[in-house]
Amino acid sequence: MKIALIGYGKMGKAIEEIALEKGHEIVLKIDVQNNEDFTKENLQKADVAIEFTGPHSAYENVKKCIQFGVPVVSGSTGWLDKWNEISALCDTNNGSLVYSSNYSIGVNLFFELNKQLAKLMEPYDSYDVNMTEIHHTEKKDAPSGTAITLAEQILANMGRKNKWVNSPSSATSDLVITSQRMDPAPGTHTVTYQSPIDTIEITHTAHTRKGFASGAVLAAEFAKNKSGIFTMKEVLGL
Ligand SMILES: NC(=O)c1ccc[n+]([C@@H]2O[C@H](COP(=O)([O-])OP(=O)(O)OC[C@H]3O[C@@H](n4cnc5c(N)ncnc54)[C@H](O)[C@@H]3O)[C@@H](O)[C@H]2O)c1
């Protein structure tokens, strides 16, 4: 498979390593210093584009891939305020888009566990729930995209919480997400249910970026020659 990498930072490089190991070819690498090479002609040499840039550039990059007719796997976080626009564009252009706030297989299993746990805890209102996420200091957005996904899953399955907040709050209907930044930390997410009697806690800790990169390559293999909008749930058949 021929891959275009949009964003050649920590994740772009980790994805390149895994893609080459799996026998794929990198036909285009775009970063800020060669953005003029991000043309329709160049992009169409690839079967699929993998976009990991950041909150401020993701929307424009994903939009270009869709408009240029190349399936795109995006991992950039912090830009989902543009989700409705991008999904409408993808529909109109019969495009192919995979998005996940976290491509690691382990985190996607953790997402399923999180939903199940929220459903189980729904009747037991003596338990309060909160979340902590820890990442490296270069991370630009807070809370993490993964923490937002986890929070939305809890809100969808637990009637006593009605919004997430990223600051301390004493309102029992708020789901508090605490963000910590320290080095080195590829990513830790903990969901805690606490009652006066006991605590139930689930934690996912990423040890390296390799898990995200392998999942993104898997998603690219899935997206090739497809049209529609997909998540890791479809990629992994969960
Ligand atoms: N979904 C996931 O599984 C997952 C995992 C890790 C990181 N991320 C997210 O992916 C993004 C990138 O993470 P990273 O650790 O590789 O960051 P990074 O800062 O190491 O790399 C980002 C790269 O994108 C480049 N870039 C910025 N604007 C660009 C533009 N307009 N066009 C082309 N390139 C541009 C930067 O120069 C940089 O080289 C972040 O939003 C991060 O939160 C997602």
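Could you check the range 59-75 and list, in sequence order, the residues that are under 13 Å from residue 30 (Cβ atoms) and within 10 Å of the ligand (Cβ to nearest atom)?
60, 61, 64, listed by residue number.
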Matching option when the condition is away from the ligand (no atom under 13 Å from the Cβ), among the small types (Gly, Ala, Ser), modelled with pLDDT of 95 or more and not assigned by TED's automatic domain parsing to the domain that holds residue 136, among 46, 14: 46
Given (1) open to solvent by 10 Å² or more (accessible area, probe 1.4 Å); (2) within 16 Å of the ligand (Cβ to nearest atom), index of the condition residue 147 fails: (1)
Candidates 85, 60, 112, filtered to the one that is out of contact with any strand residue (DSSP E or B) (no Cβ under 9 Å at 6 or more places or on another chain), among the charged types (D, E, K, R), within 24 Å of residue 33 (Cα to Cα) and open to solvent by 40 Å² or more (accessible area, probe 1.4 Å): 60
Check on residue 152, within 16 Å of residue 101 (Cα to Cα) and open to solvent by 60 Å² or more (accessible area, probe 1.4 Å): yes
Count of residues meeting criterion [near the ligand (Cβ under 8 Å from one of its atoms) and free of Cβ contacts under 8 Å to residues at least 12 places away in the same chain] in the range 76-90: 0
Output for the range 197-222, where each listed residue is at pLDDT below 95 and either outside any helix (DSSP H, G or I) or touching a His at 6+ places or on another chain (Cβ under 8 Å) (or both): 206, 207, 208, 209
Looking only at the range 180-209, and only at residues there that are under 14 Å from the mean Cα position of the chain (by Cα) and either within 22 Å of residue 20 (Cβ to Cβ) or outside the structural domain of residue 122 (by TED's automatic domain parsing) (or both), the one that is surrounded by the fewest Cβ atoms within 10 Å (Cβ to Cβ): 186
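For the range 17-43, enumerate the residues that are away from the ligand (no atom under 15 Å from the Cβ), of a type outside the set (A, V, I, L, M, F, W, C), open to solvent by 50 Å² or more (accessible area, probe 1.4 Å) and within 21 Å of residue 214 (Cβ to Cβ). First the steps, then the outcome.
Of the residues in the range 17-43, the ones away from the ligand (no atom under 15 Å from the Cβ) are 20-25, 27, 40-41.
Filter once more, so that each one left must be of a type outside the set (A, V, I, L, M, F, W, C): 21-25, 40-41.
Filter once more, so that each one left must be open to solvent by 50 Å² or more (accessible area, probe 1.4 Å): 21-23, 25, 40-41.
Residues satisfying the conditions are 21, 22, 23, 25.
Determine, yes or no, whether residue 51 is within 15 Å of the ligand (Cβ to nearest atom), in the same structural domain as residue 6 (by TED's automatic domain parsing), of a type in the set (Asp, Glu) and touching a helix residue (DSSP H, G or I) at 6+ places or on another chain (Cβ under 6 Å).
Criteria met by residue 51.
The values are calculated or read from the model by the stated rules, or taken from the named source; none is laboratory data. Since the model is a prediction, treat every value here as computed from it, not as a measurement. For neighbour counting, all protein chains shown are included, and Cβ atoms are generated from backbone atoms with ideal geometry for every residue, glycine included. These accessible areas exclude ligands, DNA and RNA; they are computed on the full protein's heavy atoms, side chains included. Shrake-Rupley method; radii C 1.70, N 1.55, O 1.52, S 1.80 Å.
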